[in-house]
Amino acid sequence: MNSIALSKRKDFAAYRATWVFAAAVCLLILQALQAAAQMMPNTFADLAEEISPSVVNITTTTVIAGRANQMPRGIVPKGSPFEEFFREFEDRRRGNGGASRSSALGSGFVISADGFIVTNNHVIEGADEIEVEFFSGERLAAKVIGTDKNTDIAVLKVDSAAPLPFVSFGDSDTARVGDWVVAMGNPLGQGFSVSAGIVSARNRALSGIYDDYIQTDAAINRGNSGGPLFNLDGKVVGVNTAILSPNGGSIGIGFSMASNVVSRVVDQLTEYGEIRRGWLGVRIQDVDEDIAESIDGLDRAAGAVVTGVPEGPAKDAGILQGDVIVIFDGRQVEDVRDLVQTVGNTEVGKAVDVVVVRDGEQVTLSVTLGLRDDEQLARADEPPVNEDAPKDYEGLGITLSNLTEEIREGLDLAVGLEGVVVVDVVETSEAFEKGLQSGDVIVEAGQEKITSLAEFDAQVSVTIESGRKTMLLLVRRGDDPRFLALSVQQ
């Protein structure tokens with residue numbers, strides 16, 4: 001009897017422990033659900049009421065010059081009873097020089113008590129007059145302080161007798177996919193409007209090299225352009241700029257330029273009236289898997305290959321064609337876009353360490369950044385190339401020729417350019433798929449300069465003997481140098 005009682009007592013203790021554990025787990029789950037419920041707002045009304053006074057509607061007016069002393073023919077037949085009416089209309093029109101006025105609508109937000117306002121450049125571009133309407137109904141004329149087409153940001157200024165309500169920028173880097181956000185603005189000219197949604201993606205690029213968009217499903221329509229995207233703390237994490245839509249209306253895919261990009265642009269526009277971006281002075285391309293495999297010292301497809309070094313900061317610092325930039329100012333370089341954005345956001349005149357992979361080793365160089373001038377950079381500044389002669393490389397799918405004087409003249413090549421010319425490319429080959437064309441000049445093979453077919457053959461042999469599967473080529477086409485890696489037959 002005693003042993004049976006003892007067994008029952010143990011069973012009861014075990015059951016009780018199990019129930020206690022289960023109750024504790026249920027309590028933790030309940031607390032987690034309560035915490036999640038607290039994170040999900042029941043209403044956005046308090047937030048909207050707090051930040052609405054800082055959001056503005058923007059109306060722009062553009063004067064379009066007309067053709068004075070001309071009225072479209074055929075509108076009113078000669079002798080028509082309406083002829084006199086239209087003649088009076090034409091006289092009034094001539095009194096205005098034949099000009100007409102076009103209006104457009106957008107949004108913006110105030111960032112300082114003394115009247116600085118942020119909007120999109122495309123909202124105010126080309127406007128002759130800009131009027132800002134506040135939530136209170138007050139209207140003020142605005143002037144343009146500065147614009148940046150690359151990020152589609154503009155800064156305006158209004159003069160107000162009283163301090164204006166304003167909002168601050170938040171840290172867009174802390175915005176996570178799934179976070180609640182609120183968009184405000186003037187959609188379709190309907191006046192102040194609020195929409196809510198979540199961050200649905202980060203780091204979107206649309207068309208510009210400095211693009212860093214937050215994607216959201218908060219409703220954004222025409223007229224919302226230039227308006228703010230708020231987090232739940234009432235901080236601006238983006239400027240609503242574009243939508244993806246087959247019909248011109250919101251389908252839940254909107255894009256807001258990240259506040260960390262915007263705030264840097266705004267700081268420079270308010271201080272200088274223009275953008276001053278850092279300039280490294282290199283021509284670069286992405287590192288793909290084949291290129292990475294072809295270069296000693298690269299353990300992954302990341303970084304930016306230097307395809308050209310014109311006169312500028314990089315050349316002064318000793319950066320060479322063929323270097324792979326892997327670290328800039330202490331930050332790992334992922335690709336060309338990453339490097340361009342990082343350099344552009346770095347202070348002009350700052351001396352930075354740039355780490356490159358060269359001959360299988362990392363080399364650190366100090367570069368003092370210059371001032372980026374997009375118009376100047378649009379002009380290429382490398383020697384030319386192009387076309388013809390005799391050896392088939394069946395394994396590579398190409399036919400090459402030495403650069404004779406006849407070919408040099410026929411292709412109008414730069415004096416002193418050395419290499420071998422591509423005569424033909426097999427359309428079913430890897431070389432064709434990667435864009436190699438007749439008339440291209442191969443100036444390097446296996447990261448060694450070549451001046452003849454014999455030297456090219458030697459590099460093919462070296463590549464095969466070293467056990468590499470691909471050979472890196474530096475190809476020039478006109479003013480455009482480019483690296484590509486081709487598989488070699490072993």
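The values are calculated or read from the model by the stated rules, or taken from the named source; none is laboratory data. In this text, all values refer to a predicted model and were calculated from it rather than measured experimentally. Ideal geometry is used to build each Cβ from the backbone, glycine not excepted, and the neighbour counts take in all protein chains shown.
Could you check region 399-490 for helices (runs of 4 or more DSSP H) lying wholly inside it with 3 or more residues that are free of Cβ contacts under 8 Å to residues at least 12 places away in the same chain and over 25 Å from residue 289 (Cα atoms)?
The helices (runs of 4 or more DSSP H) meeting that bar are 405-411.
If I ask for residues that are under 17 Å from residue 265 (Cα atoms) and in contact (Cβ under 8 Å) with a residue 40 or more places away in the chain, which ones from region 137-152 would you list? Quick ask: steps written out before the conclusion?
Narrowing region 137-152 to residues under 17 Å from residue 265 (Cα atoms): 144-152.
Result: 145, 146, 147, 148, 150, 151, 152.
Read through the list (1) surrounded by fewer than 17 Cβ atoms within 10 Å (Cβ to Cβ); (2) in the same structural domain as residue 109 (by TED's automatic domain parsing); (3) not β-branched (Val, Ile, Thr), then give the number of the only condition that residue 191 fails.
(2)
When you scan region 204-307 for strands (runs of 3 or more DSSP E) that lie fully inside it, which ones turn up with 3 or more residues that are of a type in the set (D, E, K, R) and either surrounded by 24 or more Cβ atoms within 10 Å (Cβ to Cβ) or at pLDDT below 90 (or both)?
Once the strands (runs of 3 or more DSSP E) in region 204-307 are filtered for at least 3 residues that are of a type in the set (D, E, K, R) and either surrounded by 24 or more Cβ atoms within 10 Å (Cβ to Cβ) or at pLDDT below 90 (or both), nothing remains.
Give region 162-187 a look and list any residue that's of a type outside the set (Gly, Ala, Ser) and assigned to a loop (DSSP other than H, G, I, E, B), or say none.
Kept after step one, since they are of a type outside the set (Gly, Ala, Ser), are these residues of region 162-187: 163-167, 169, 171, 173-174, 176-177, 179-182, 184, 186-187.
Residues satisfying the conditions are 163, 164, 165, 166, 167, 171, 176, 177, 179, 186.
So which residues in region 409-426 are crowded, with 16+ Cβ neighbours inside 10 Å and modelled with pLDDT under 80?
The one that is crowded, with 16+ Cβ neighbours inside 10 Å and modelled with pLDDT under 80: 411.
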